[in-house]
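The values are calculated or read from the model by the stated rules, or taken from the named source; none is laboratory data. Since the model is a prediction, treat every value here as computed from it, not as a measurement. Cβ: placed from backbone, ideal geometry, glycine included. Neighbour counts: every protein chain shown.
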Amino acid sequence: MRVSPAATMRALLVTLMVGVSSNAAAITQIQFWTMQLSPFYDDYVHGLINEFELRHPGIRVKWVDVPWKEMEKKMLASVAAGTAPDVVNLNPQFSAKLAEFGALANPECYLSKGEIANYLPNIWNANRFEGRAFAIPWYLSTTITIYNRALLAGAGVSVPRNYVELLAVARRLHETLDKYAYFPAMDGSGPLEDMMAMGIPLLAADGRAVGFDNAQGEAFFRFYRDLYQQGLIPKNVLTEGHQKAVDLFQSGEVAMIVTGMQFLQTIRTNAPQLYANIGVASEPKSASSKSNVAAMNLAVPKTSAHKALAFKFAEFVSNHENQMALARQIPILPSTADSYRDSFFTLPDNPSLIDRARYLSAQQVLKGEVLVPPLPHYSKLRTSFVFNLQSAMVGQLSVEEAVKRTSETWSHFLQSERRNHRAGVDRSDQDCRNE
């Protein structure tokens, strides 16, 4: 039987279409959201994705970079719509908010004990809500003191090691040079971290009650009030945040800034003459407090249809080799224990300012922790704390009344969470069999 050319072509097209359909069915795609890494780190992220896809044929990773200010809104909308990414880069407090809603998968149900042990335990354990892990730690930062040596020398003072010394240094700088010691940024979690750095706990030991409704908490509020009312800090601390602190330090109006080592490059670019005259030291804190560490996480939403694969990718992105490659490009710190055995984090002979800042930051990470733990209703708690603290600073409330009002608000939300916990809505899926 003779087959016409047209029939032959039809058969060929059917064969090709079946082949394409089979190949398409063999491809599994996961979506990866990051926070403001593009365009500066496109090569790094594309390199990660390409390497992962080479190691896992049939897997494709779609990368979406989201502006910092839009992430929470976009993430909440995607969770509500059931269209959340498979892997997403989040900060701990927002991760905890999603974990509070039961929206994130537990990494300890998907990673082996050996894989979990690759991360710094003090950082891994910070990603827990109600005892349940909710994310894998990725890159870290910690705050150090960057100081103007000329200003401190001109006032005859040294870098303060704690907040008692900081108050004395602030008075001396104000009296002798009419300069400010520092600018306590009140945006973000700064005031909460300052309280913890003073050795004053936010919560009681059981995590269910306020820890600062006492003389220690009043001392902290009084410290801020005295700084403000005695003119030892700029008046605009009430309305402006961290960026203003950087600006005032660069202009020579503020002698010290407590910030991450990444801002050294900003100062080097914007104020090269100042950069030649600055030093670095540990952040001020009480002897009983640990250094503060900030973490960026990789989380997997529960709605992901490929949770095991998503965690495999998240673990790959955050492994020792890939974190070290990132740390060599930008001034961040890894969350993997092996990374701190690398000579990159040792102090070389004749160290530069950057070398000293990196070494100091690494030491703080190893001994530190995330001071502000994941908290239920975090934004409401932070807002209450800052509002009442500022009210005490300007004299609208006494220190005692400000602490009392803050404690009452915190107790309301903490007790509400405790009732929910007892009622059994605290996540029945804690057992990995329910993942």
> Do the conditions hold for Phe212, that is, is it in contact with a Leu (Cβ under 8 Å, 6 or more places away or on another chain), of a type in the set (Phe, Trp, Tyr), surrounded by 20 or more Cβ atoms within 10 Å (Cβ to Cβ) and assigned by TED's automatic domain parsing to the domain that holds Gly252?
Replying inline: yes
> Quick one: in segment 340-357, which of the residues that are of a type outside the set (Gly, Ala, Ser) and assigned to a helix (DSSP H, G or I) is surrounded by the most Cβ atoms within 10 Å (Cβ to Cβ)?
Replying inline: Phe345
>> Being aromatic (Phe, Trp, Tyr) and more than 25 Å from Leu192 (Cβ to Cβ) is the filter here; which residues of segment 66-123 pass it?
In response: Tyr110
>> Would you confirm whether or not segment 377-394 contains a residue that is assigned to a helix (DSSP H, G or I), in contact with a helix residue (DSSP H, G or I) (Cβ under 6 Å, 6 or more places away or on another chain), modelled with pLDDT under 90 and buried (at least 18 other Cβ atoms within 10 Å of the Cβ)?
In response: yes
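Yes/no matrix, rows are residues, columns are (1) of a type in the set (Gly, Ala, Ser); (2) not in a loop (DSSP other than H, G, I, E, B):
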| residue | (1), (2) |
| --- | --- |
| Pro284 | no, no |
| Leu298 | no, yes |
| Ala308 | yes, yes |
| Asp338 | no, yes |
> Given the structure, is Val88 assigned to a strand (DSSP E or B), crowded, with 19+ Cβ neighbours inside 10 Å, in contact with a Phe, Trp or Tyr (Cβ under 9 Å, 6 or more places away or on another chain) and not aromatic (Phe, Trp, Tyr)?
Replying inline: yes
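Yes/no per residue for (1) charged (D, E, K, R); (2) in contact with a Cys (Cβ under 6 Å, 6 or more places away or on another chain); (3) surrounded by fewer than 21 Cβ atoms within 10 Å (Cβ to Cβ); (4) farther than 20 Å from Ala295 by Cβ:
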{"site": "Trp68", "(1), (2), (3), (4)": "no, no, yes, no"}
{"site": "Lys73", "(1), (2), (3), (4)": "yes, no, yes, yes"}
{"site": "Val79", "(1), (2), (3), (4)": "no, no, yes, yes"}
{"site": "Ala84", "(1), (2), (3), (4)": "no, no, no, yes"}
{"site": "Pro107", "(1), (2), (3), (4)": "no, no, no, no"}
{"site": "Ser112", "(1), (2), (3), (4)": "no, no, yes, yes"}
> So which residues in segment 277-298 are over 22 Å from the mean Cα position of the chain (by Cα) and at pLDDT 95 or above, if there are any at all?
Replying inline: Asn277, Ile278, Gly279
